[in-house]
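S.K.: My questions all concern the structure below.
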Amino acid sequence: MNFDHAYNFFMIPNGPTPLELLKHLPRIQKDPVGYLAWSANNYGDLVKYRAGTVDAFLVNHPDSARLILRDHHNQYNKDTIQYNALARVTGKGLLTNSGEHWLKQRRIIQPAFARQRLAVIEPYAIQACQSAIRRWMALPKENRVIDVDREMMYLSLEVLGLGLFGSDLGDQLKPLVEAVLVGLDYIMSGARNPLRLPTFFPTQRNRRFLNALKTLDEAVEGMLNRRKQLGLGDDLLSILIRAQEEQGKETLPDRQIRDEVVTLLIAGHETVATALTWSWYLLSQNPEQRQQLFSEVDSVLNGNAPGLDILQELTYTFNVFQEALRLYPPAWLITRKALQPDDLSGYTIPADALVIISPYTMHRHPDFWQLPERFDPNRFSAERFNHQHKFAYIPFGGGPALCIGKNFALIEAQIVLASLSQVFQFDLAKQEPVQMDALVTLRPRGGLHMRLTER
Ligand code: HEM
């Protein structure tokens, strides 16, 4: 007798029946993250959803997350609804790709994120903050209210574009970025409205989407040509062009380069921006922690800009960002398709199962986090975090497909938090509950309007 299957017999994971799931549908559509959190609380660490022919599992134990993302990562791929929707814009870039093809691409792109290369972020992030400060200072003092969500998007896009492509291509960024935003908007509205007509129906929205894809293709091609004219450096495009010259167009076609560029713009822009937005929100709700951040920034920086060399001294600032990523992980959903049966928490999930790992629910697991709802940046102090299960904290995923832009994001965020905190205090413009909108990333619904006070 196969022991695993005997075990299965006793370890049936909990979950809603198909009828219950149908009843939950309005809630799932309205508040998917809340529903996942409720499921984990209600049914436990492995929740089974039976819908149609495929079984889906919410995996909420860090041991199982480690198996899926790291130890058995070869037994899973990204052929899931989530990644297939994204692939309509990004094509087969790193984020949506799996297997051998993914590994080859990852090796090509990795040098663009090497530590020494990431030094380029520093001046761009500082400049972007300085121009934001100038813009906000120009607002009338008594009514300095900004939509932080929008402002952080703008800021992070500037840093990402310049950081990835180099400042000499800055003037080429605008059409590319606009087309990426239309593409993202289309994916988001698809998430809101799964009954939308397929792309080949000539609705206005579909036409806009197809035009945006065309603009994207042309913009990337334009940037590649311009990079070749200006000469190669060590930026992302140069790395891709050099790899193409070495390996030939059959191995690395133009289309693949386009897909990687679009992927990085999408993966690296909204994620950083929303994490920063939530950081400002959390600080506004926790004055004591905010004061601690101000004290650190004032004493370490003494009025100077936060250069790379000093970032390691801004530990509390860093921990504020880590804690914001814990409570509001921008990538709130990580999905995989099982290529073969696998044992999780003593239960064998079948081949083809959809596996869902939600950093949002994992980061609130009461067995792994004390007072999980509390904003406590000190939980990331070295003494405390060293004892943490590493797969209970997965804002950047884990294993070989760990976010390639993790250090990019962390450096940028630390500079932005420190630079802006030197000058402003952020408070909610209206003291009303902020709701989450779980789309491509986890964002505050309707933006986040905050009042800036000069410190
Ligand atoms: C706070 C900011 C960020 C968060 C929370 C975040 C989160 C994540 C997560 C959770 C994954 C793993 C997805 C999975 O395994 O299914 C991932 C992968 C990825 N991220 Fe990020 N990310 C951030 C910033 C960035 C930046 C700045 C870039 C690029 C400049 C980037 C590019 C990517 C790429 C290309 C992948 C796919 C990696 C691979 O599969 O090899 N991310 N990110």
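The values are calculated or read from the model by the stated rules, or taken from the named source; none is laboratory data. The structure displayed is predicted, hence computed values, not measured ones. Glycine also receives a Cβ, built like all others from the backbone with ideal geometry; neighbour counts cover every protein chain displayed. For accessibility, only protein heavy atoms count, side chains too; no ligands or nucleic acids. Shrake-Rupley method; radii C 1.70, N 1.55, O 1.52, S 1.80 Å.
S.K.: Which one of the conditions (1) modelled with pLDDT of 90 or more; (2) not in a helix (DSSP H, G or I) does residue 201 fail to meet, given that it meets all the rest?
M.R.: Single failed check for residue 201: (1).
S.K.: Another question, then. List pairs: first residue in region 380-400 and away from the ligand (no atom under 14 Å from the Cβ), second residue of a type in the set (S, T, N, Q) and open to solvent by less than 40 Å² (accessible area, probe 1.4 Å) anywhere in the structure, Cβ distance under 9 angstrom, at least six positions apart or on different chains.
M.R.: Sorted first by the residue in region 380-400, then by its partner, the pairs are 380/319; 380/322; 380/388; 381/319; 385/319; 385/322.
S.K.: Would you check if there is a residue in region 113-127 being within 15 Å of the ligand (Cβ to nearest atom), buried (at least 19 other Cβ atoms within 10 Å of the Cβ), among the small types (Gly, Ala, Ser) and within 16 Å of residue 240 (Cβ to Cβ)?
M.R.: no
S.K.: From the list 401, 438, 353, which one is over 22 Å from the mean Cα position of the chain (by Cα), open to solvent by less than 50 Å² (accessible area, probe 1.4 Å) and more than 22 Å from residue 308 (Cβ to Cβ)? Quick ask: steps written out before the conclusion?
M.R.: Details: 401 fails: over 22 Å from the mean Cα position of the chain (by Cα); 438 fails: over 22 Å from the mean Cα position of the chain (by Cα).
That would be 353, the only listed residue that is over 22 Å from the mean Cα position of the chain (by Cα), open to solvent by less than 50 Å² (accessible area, probe 1.4 Å) and more than 22 Å from residue 308 (Cβ to Cβ).
S.K.: Filter region 371-407 down to residues that are more than 26 Å from residue 102 (Cα to Cα) and either modelled with pLDDT of 95 or more or in contact with a Cys (Cβ under 7 Å, 6 or more places away or on another chain) (or both), then give me how many there are. Don't jump to the end; show me each part of the working.
M.R.: Keep residues of region 371-407 that are more than 26 Å from residue 102 (Cα to Cα), which gives 371-389.
Filter once more, so that each one left must be either modelled with pLDDT of 95 or more or in contact with a Cys (Cβ under 7 Å, 6 or more places away or on another chain) (or both): 371-381, 389.
Qualifying residue count, region 371-407: 12.
S.K.: Applying the selection to region 226-245, what residues are acidic (Asp, Glu) and either open to solvent by 30 Å² or more (accessible area, probe 1.4 Å) or not in a loop (DSSP other than H, G, I, E, B) (or both)? I'd like the intermediate steps shown before the answer.
M.R.: Initial filter on region 226-245 (acidic (Asp, Glu)): 234-235, 245.
Matches in region 226-245: 234, 245.
S.K.: In region 267-306, which residue that is out of contact with any helix residue (DSSP H, G or I) (no Cβ under 6 Å at 6 or more places or on another chain) and within 16 Å of the ligand (Cβ to nearest atom) is farthest from residue 152 (Cα to Cα)?
M.R.: 267
S.K.: Any chance region 30-44 includes a residue that's among the aromatic types (Phe, Trp, Tyr), free of Cβ contacts under 8 Å to residues at least 24 places away in the same chain, open to solvent by 40 Å² or more (accessible area, probe 1.4 Å) and away from the ligand (no atom under 16 Å from the Cβ)? Even if it seems obvious, please write down each step before you answer.
M.R.: Taking region 30-44 first, the residues among the aromatic types (Phe, Trp, Tyr) are 35, 38, 43.
Narrowing further to those that are free of Cβ contacts under 8 Å to residues at least 24 places away in the same chain: 35, 38.
After this cut, where a residue has to be open to solvent by 40 Å² or more (accessible area, probe 1.4 Å) as well, the list is 38.
Okay, now just the ones that are also away from the ligand (no atom under 16 Å from the Cβ), so 38.
Checked region 30-44: at least one residue is among the aromatic types (Phe, Trp, Tyr), free of Cβ contacts under 8 Å to residues at least 24 places away in the same chain, open to solvent by 40 Å² or more (accessible area, probe 1.4 Å) and away from the ligand (no atom under 16 Å from the Cβ).
S.K.: Something else: With open to solvent by less than 10 Å² (accessible area, probe 1.4 Å), under 23 Å from residue 327 (Cβ atoms) and not charged (D, E, K, R) as the only criterion, which of 89, 47 stands out? Show your work before the answer.
M.R.: Values: 89 fails: under 23 Å from residue 327 (Cβ atoms).
Answer to the selection: 47.
S.K.: Right, another one. I want to confirm something. Restricting to region 69-80 and keeping residues that are surrounded by 20 or more Cβ atoms within 10 Å (Cβ to Cβ) and under 19 Å from the mean Cα position of the chain (by Cα), which single residue is modelled with the lowest pLDDT?
M.R.: Step one: filter region 69-80 for residues surrounded by 20 or more Cβ atoms within 10 Å (Cβ to Cβ), giving 69, 76, 78, 80.
Next cut, under 19 Å from the mean Cα position of the chain (by Cα) only: 69, 78, 80.
Details: 69: 98, 78: 96, 80: 92.
So the residue we want is 80.
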